[in-house]
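Below is one structure; the comments refer to it alone.
Just so it is clear, none of the values below were taken in a lab; they were calculated from the coordinates. This structure is a prediction, so every number in the text was calculated from the model and none was measured. As a convention, Cβ positions derive from the backbone with ideal geometry for all residues, glycine included, and neighbour counts pool all protein chains shown.
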Amino acid sequence: MFGVGFVIVRYRKNGVLKRMKATPVSSFIFISAQMASRFIIVILTSVLVFAGTNLFLNFMVNGSYFLLILVTALAILCMISFGLIFAARLKSEELASGLMNLITFPMIIFSGVFFSLEGTPKLMQNASKFFPLTHFIEASRAVMIDGAGIIQILPNILVLGGMTIVFR
């Protein structure tokens with residue numbers, strides 16, 4: 001989210017985007033290149049983390065690695081699209097950073113990354129469903145721990161795909 005959103009806001013503030021108009025590179029190509037570079041970096045990092053935990057920590061994934069990478073790729077696209085919302089509307093780096101943090105911290109806290117939401121009030125559990133990270137965590141855990149297949153995590157995949165389309 002920060003990789004695309006914050007960087008594009010900084011480019012706008014520094015005048016890089018205005019100078020891009022003098023080049024043959026279109027806005028679509030520039031944004032696509034930003035998204036693709038961030039996607040490649042994060043997906044390769046994720047693959048290295050999965051491989052490293054498997055190799056060094058003997059962490060077993062009970063499901064399909066392909067499905068795990070698919071869910072990860074979809075979550076990355078969703079977060080990149082979410083970052084583009086900030087990039088498209090904000091002109092100040094400080095405001096962009098603050099608003100992204102304002103969204104990111106509750107998303108991390110209420111997505112189930114650090115602790116289970118089972119003991120929390122139902123309202124909080126339902127509110128967490130509005131965060132893409134919640135669906136990524138649920139699908140990833142289902143694949144890694146329960147050995148879930150695509151049918152079991154299809155609702156999470158559809159929500160992540162839908163959020164990606166809405167955020168664009």
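A few notes on this one:
- Angle between the chain longest axis and helix 132-146 axis [Cα atoms, degrees, rounded to 10]: 30 degrees
- Loop-located chymotrypsin sites (Phe, Trp or Tyr not before Pro) across region 30-68 with a Cβ neighbour count of 12 or fewer within 10 Å are Phe59, with loop assigned by DSSP.
- Normalising by residue count, region 21-61 has a Cα convex hull of 57 Å³ per residue.
- Region 1-72 - Rg over Rh from alpha carbon coordinates, Kirkwood radius: 1.19
- For region 105-144, the Kirkwood radius over C-alpha pairs fed into Stokes-Einstein at 10 °C and 1.306 mPa s yields D = 158 µm² per second.
- Rg over Rh for region 39-102 works out to 1.15, both radii taken from alpha-carbon positions and Rh defined as the Kirkwood radius.
- Considered as an equivalent ellipsoid built on the Cα gyration tensor, the chain has semi-axes of 31, 20, 14 Å, the largest given first.
- Applying the Karplus relation 6.51 cos²θ - 1.76 cosθ + 1.60 with θ = phi - 60° to region 105-112 yields 3J(HN,Hα) values of 4, x, 4, 5, 5, 9, 9, x Hz, where x marks Gly and Pro.
- Chymotrypsin sites (Phe, Trp or Tyr not before Pro) within region 72-166: DSSP coil, no more than 15 neighbouring Cβ in 10 Å: Phe114, Phe115, Phe130
- Amide H contacts for Ala148 (H built 1.01 Å from N in the peptide plane; partners 5 or more residues away or on another chain; cut-off under 5 Å): Val143.
- Region 70-85 - phi-based ³J(HN,Hα) in whole Hz, Karplus 6.51/-1.76/1.60, Gly and Pro as x: 4, 5, 4, 4, 5, 5, 5, 4, 5, 5, 5, 4, 5, x, 5, 4
- Charged-residue dipole, Cβ positions (Lys, Arg, Asp, Glu), the chain about Cα centre, Debye nearest 20: 880 debye
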